[in-house]
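Engineer: My questions will all concern the structure given below.
The values are calculated or read from the model by the stated rules, or taken from the named source; none is laboratory data. Predicted, not measured: the structure shown is a model, and the values here were computed from it. For neighbour counting, all protein chains shown are included, and Cβ atoms are generated from backbone atoms with ideal geometry for every residue, glycine included.
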Amino acid sequence: MRASHKQRGFVAAMLHRLSGIALAVFLPLHFLALATALNGANALDSFLALTREPLVQALEWCIVVALALHLTLGLRVLAVEFFDFREKTLAALSACAAAVVAIGLVLALNLS
Amino acid sequence: MSDVLAVDVWRGAENGQFQAFTLPRRQHQTVLDVVTEIQREHDSTLSYRFACRVGMCGSCAMVVNGRPRWTCRTRVNEVVSGDERLRLEPLRNFTVVKDLAVEMTQFFDKWKAAHGFFEPGTAPEQDFAVVPPQTKERQAADAGIECIGCGVCYSACDVVAWDRDYLGPAALNRAWTLVNDVRDRGQAERLKAVSHDNGCQACHTHMNCTNFCPKAIAPTYAIAGLKRVLFRRALRSA
Amino acid sequence: MLFVAQRTTAFILAVAVAAHLATILFAVRGGLTAAQILARTHGNVAFALFYAIFVLAVAVHAPIGLRNIVREWTAWRGRSLDFALILFSALLLVLGLRAVVAVCS
C-alpha cells in the first residue's frame, strides 16, 4: 500500500467519490420508483410496500448516509477551493461529517 | 537500539527487484548516509542522486518506507523503529532511470506547459517595479516561491499516478506564484495553460502534496487559487 | 466549461440536498403514506419548481463527476465517453422530470 493512502485527504476523497458513484447508480432507480405515482397513489403505495423489507431498509439507510457523506465532503472541497479554507481543522470537518452521518443514521432508523 | 540496520534498496529500472543490505546502525544516521555507505562500502554499482546533503537542493528525494522525502533530512530513527527494515525506492510517478535515480524531464516540461515562467511582455518597464511585500498578491506569491523543484509533491500526487498528463502540484504552484506577480504580462496565456482537463481542475484536494512538501509549501491552496481565478473569469465572460 | 458547471451545480445542490433531506426525514418521522405525501405535492407549483431545478442540477453535476472518475480510473476517454455521459445526463433529466410530473402535477 502506498503511503498516500493513509493520508486523511485521500480517505475523504475516496469516500466522496464512492458515495458519488453510489448516488449516480441509485438516482435513476429513485426516479423510476417515484414515477409509479403516475398510475395513482395506490401504485406508489404498493411499490413502497417493498420498502418495509429489512434488506431494502438497510439499503435505503446506506443511500441516505451516502448522500450525507457526499454533501459534507463536497462542502469540504468547496470550502478549500472557494473560501480559501486552510485545512488544519480537518478534524473539525471530520467531526461534522460524522455528526451528519450519525443524524442520518438515527433518523433513518425511524424508517420502520 | 539494535546494532544493525536492514535495508532493502530498489535495483533496476521499471522492472527490477529489491536488494538487501545490512549496515551498522549509528545514532544520528540519515538515510542519505545509509545510501552513501551502501554505494561506497557494499555495492559500487548502486545509482542515486544527491548534491548539497544539507536540505537545500532537493536532489536526494526518494521514497523512504512508502513516503517521498529528502534522504539528507530524514534521520533513520524517524522512519525505523526496533527491527523494522528500511525500504528505499525511487520517486513514484517518474520514469526510473536506474535504481534510485529518476528521469525528471517530464516534470520540468510540465512547468513550461503550465507557463511557470515570467513573461515581461513586449514593452517591459523602464524603471523598477514597486511591489509592496504586504499586498495580498505578493503574500500569495511569496507563500509558494521557495519551491526548488525536488519532485516530492509530484511523487505523492494520486492524480498524477492516475493520469500522467496531469500538470501536477509543482507546476501549478509555480503558475500561481506568477499569476500573483503584478509585473507579469502573460496572464491570459497562463490561465489558458492551466485550465483544461489536465490542469488545475484535475486536482481533487487529496492534499498529499501539501502534506509531504519538505518546504511547507501548500500546492493545494495554490491550485485552489487558480480554480477561483478561473471561475471568476468564466462567470465574467458569461 | 465543465469545471465551472460542476462547481456551480454543487452550490445549488448543497442547498437543495439539505432541503430535501430535511423534507424527507420530516415526512418519514411523521409516518406519512404515499397518498398523504402526494396530497401535499399535487398541484404544488413551489415543489414542482424546486424539484425541477434539483433534477436539472443533478443532470449536470453527476455526469461530470463520473467523467473524472472514468478518465482517471479507466482507459476510456475522448468523444465516445463524452457522448455516453451526455446520454446518461439525458436519462437523468427525462426520468427525473417524469418523476416530478408524477409527484407534483
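Engineer: Going by the structure shown, is B:Phe128 without any contact (Cβ under 8 Å) to a residue 40 or more places away in the chain and farther than 30 Å from B:Gln39 by Cβ?
Structural biologist: Considered against the rule, which asks whether it is without any contact (Cβ under 8 Å) to a residue 40 or more places away in the chain and farther than 30 Å from B:Gln39 by Cβ, B:Phe128 comes out as yes.
Engineer: Restricting attention to segment C:40-51, and to residues there that are among the hydrophobic types (A, V, I, L, M, F, W, C) and within 15 Å of C:Thr23 (Cβ to Cβ), which single residue is nearest to the chain's Cα centre (by Cα)?
Structural biologist: Checked segment C:40-51; the qualifying residue nearest to the chain's Cα centre (by Cα) is C:Phe50.
Engineer: Now for a different question. Mind listing just one residue for me: the one in segment B:31-42 that is of a type in the set (Val, Ile, Thr) and free of Cβ contacts under 8 Å to residues at least 60 places away in the same chain and, of those, nearest to B:Arg11 (Cα to Cα)?
Structural biologist: This residue is B:Ile38.
Engineer: Restricting to segment B:1-21, count the residues that are over 12 Å from B:Glu84 (Cα atoms) and either assigned to a strand (DSSP E or B) or hydrophobic (A, V, I, L, M, F, W, C) (or both).
Structural biologist: Counting residues in segment B:1-21 that are over 12 Å from B:Glu84 (Cα atoms) and either assigned to a strand (DSSP E or B) or hydrophobic (A, V, I, L, M, F, W, C) (or both) gives 11.
Engineer: Restricting segment B:181-206 to residues that are small (Gly, Ala, Ser) and touching a residue at least 60 places away in the same chain (Cβ under 8 Å), which is nearest to the other protein chains (Cβ to nearest Cβ)?
Structural biologist: Here the residue is B:Gly199.
Engineer: Right, here's the next one. Quick check on segment B:43-66. Is at least one of its residues crowded, with 18+ Cβ neighbours inside 10 Å, outside any loop (DSSP other than H, G, I, E, B), under 17 Å from the mean Cα position of the chain (by Cα) and in contact (Cβ under 8 Å) with a residue 60 or more places away in the chain?
Structural biologist: Yes: segment B:43-66 contains one or more residues that are crowded, with 18+ Cβ neighbours inside 10 Å, outside any loop (DSSP other than H, G, I, E, B), under 17 Å from the mean Cα position of the chain (by Cα) and in contact (Cβ under 8 Å) with a residue 60 or more places away in the chain.
Every residue, every condition in (1) over 16 Å from the mean Cα position of the chain (by Cα); (2) surrounded by fewer than 17 Cβ atoms within 10 Å (Cβ to Cβ), yes or no:
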{"site": "B:Pro133", "(1), (2)": "yes, yes"}
{"site": "B:Ala140", "(1), (2)": "yes, no"}
{"site": "B:Asn208", "(1), (2)": "no, no"}
{"site": "B:Asn211", "(1), (2)": "no, no"}
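Engineer: Can B:Gln27 be described as in contact (Cβ under 8 Å) with a residue 12 or more places away in the chain and part of a loop (DSSP other than H, G, I, E, B)?
Structural biologist: The answer is yes for B:Gln27.
Engineer: Still on this structure, please answer the following. Given segment C:1-83, what helices (runs of 4 or more DSSP H) lie entirely inside it while holding 2 or more residues that are more than 14 Å from chain B (Cβ to nearest Cβ) and touching a Ser or Thr at 6+ places or on another chain (Cβ under 7 Å)?
Structural biologist: Per the criteria, C:45-73.
Engineer: Here's something else I'd like to know. Please verify whether segment A:22-45 includes one or more residues that are part of a helix (DSSP H, G or I), more than 9 Å from every other protein chain (Cβ to nearest Cβ), surrounded by 16 or more Cβ atoms within 10 Å (Cβ to Cβ) and at pLDDT 80 or above.
Structural biologist: yes
Engineer: Assuming A:Glu53 fulfils every condition listed in (1) loosely packed, with under 14 Cβ neighbours inside 10 Å; (2) at pLDDT 85 or above apart from one, which condition is it?
Structural biologist: The one condition A:Glu53 does not meet is (2).
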